[in-house]
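See structure below.
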Amino acid sequence: MTVIGLTGNIASGKSLVAEVLKEKDALIIDADVVAREVVEPGTEGWNKLRSEFGDDILNSDGTVNRKTLGDTVFANPVLLKKLNNIVHPIIIKEINDKIDSFRAGGGDRVMVIDAPLLIETGLHRLVDEVWVVDIPGELQVRRLMERDRLTREQAQERIDSQMPAAEKKKYADIVIDNSGDREHTREVVTELWERRFGKTWGGNS
């Protein structure tokens, strides 16, 4: 069995790569999904966020408004650190438990930990390989502005809040260039999968 840590900075196209790997029958653990689950109303994470940031970050149904929270912390490094100190330990424990269960189950399936902060949180130490999705900086800004309807300044704030892509690539076993169109990226990832795990893997191989 193999556990891959898939990472890349915001708007790098990591989700597309994860989508292709899922089609190849990889078991995907999405850290963003885990992050939402650990701050659902009533959870330890939710209580801590509410205590630290107040009810202004909550929707009318009590769920966390991720956009409001993001707008609050990304422009303030001190608040961003407070947020990370609250949620990262909870997310890491949850993902570590999933990896342990996967390894205990045996078999030869591939698990992919899809995590933008894989390296920053130390999750890369729990995986067998690190795959980094990378795109040129200006393309990243444009894609982020378009995807999240942000100003250039807002987009740059979010990018600057993360570890530089060049630093992330130092940890990579494999770097995936996502500067082309979606079809090209699909071809690159499929070729990588077949080279790494063989053509018999996955329903679409």
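The values are calculated or read from the model by the stated rules, or taken from the named source; none is laboratory data. All values reported here derive from a predicted model rather than from experimental measurement. Using ideal geometry, Cβ is built from the backbone for each residue, glycine included, and neighbour counts are taken over all protein chains shown.
Brief remarks on what is shown
- Put simply, of Ala18, Ala31, Ala75, Ala35 the only residue that is touching a Gly at 6+ places or on another chain (Cβ under 9 Å) and on the phi < 0 side of the Ramachandran plot is Ala35.
- Restricting attention to segment 165-181, the residues that are touching a residue at least 24 places away in the same chain (Cβ under 8 Å) and either touching a Phe, Trp or Tyr at 6+ places or on another chain (Cβ under 6 Å) or not acidic (Asp, Glu) (or both) total 10.
- The set of residues in segment 97-125 being part of a helix (DSSP H, G or I), more than 15 Å from the chain's Cα centre (by Cα) and touching a residue at least 24 places away in the same chain (Cβ under 8 Å) consists of Lys98, Ile99, Phe102, Arg103.
- Cβ pairs under 7 Å, 6+ apart, first in segment 72-90 and closer than 18 Å to Leu58 by Cα, second in a loop (DSSP other than H, G, I, E, B): Phe74/Ser161; Leu80/Phe74; Leu80/Ser161; Val87/Val38; Val87/Val39
- Condition check for Ile159: within 17 Å of the chain's Cα centre (by Cα), crowded, with 17+ Cβ neighbours inside 10 Å and assigned to a loop (DSSP other than H, G, I, E, B): no
- Looking only at segment 1-54, and only at residues there that are of a type in the set (S, T, N, Q) and closer than 24 Å to Lys168 by Cα, the one that is surrounded by the most Cβ atoms within 10 Å (Cβ to Cβ): Thr7
- Residues (in a helix (DSSP H, G or I) and either touching a Ser or Thr at 6+ places or on another chain (Cβ under 8 Å) or of a type in the set (A, V, I, L, M, F, W, C) (or both)) located in segment 38-78: Trp46, Leu49, Phe53, Asp56, Ile57, Leu69, Val73, Pro77, Val78
- Boolean, Val3 is in a strand (DSSP E or B), within 19 Å of the chain's Cα centre (by Cα) and within 30 Å of Leu139 (Cα to Cα): yes
- Yes/no for Ala172 being at pLDDT 95 or above, over 15 Å from Leu21 (Cα atoms) and either surrounded by fewer than 15 Cβ atoms within 10 Å (Cβ to Cβ) or in contact with a strand residue (DSSP E or B) (Cβ under 8 Å, 6 or more places away or on another chain) (or both): yes
For every residue, the table says whether it meets (1) of a type outside the set (A, V, I, L, M); (2) under 21 Å from Ala18 (Cβ atoms); (3) at pLDDT 95 or above.
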{"site": "Arg50", "(1), (2), (3)": "yes, no, yes"}
{"site": "Asn59", "(1), (2), (3)": "yes, no, yes"}
{"site": "Ile95", "(1), (2), (3)": "no, yes, yes"}
{"site": "Arg103", "(1), (2), (3)": "yes, yes, no"}
{"site": "Met111", "(1), (2), (3)": "no, yes, yes"}
{"site": "Glu120", "(1), (2), (3)": "yes, yes, no"}
{"site": "Val133", "(1), (2), (3)": "no, yes, yes"}
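- Count - residues of segment 182-202 that are touching a residue at least 24 places away in the same chain (Cβ under 8 Å) and touching a strand residue (DSSP E or B) at 6+ places or on another chain (Cβ under 8 Å): 4
- Taking segment 99-116 as the range and being surrounded by fewer than 21 Cβ atoms within 10 Å (Cβ to Cβ) and either among the charged types (D, E, K, R) or under 20 Å from Ile159 (Cα atoms) (or both) as the test, the residues that pass are Asp100, Arg103, Asp108, Arg109.
- Of the criteria (1) under 13 Å from Ser12 (Cα atoms); (2) in contact with a strand residue (DSSP E or B) (Cβ under 9 Å, 6 or more places away or on another chain), which one Leu144 fails: (2)
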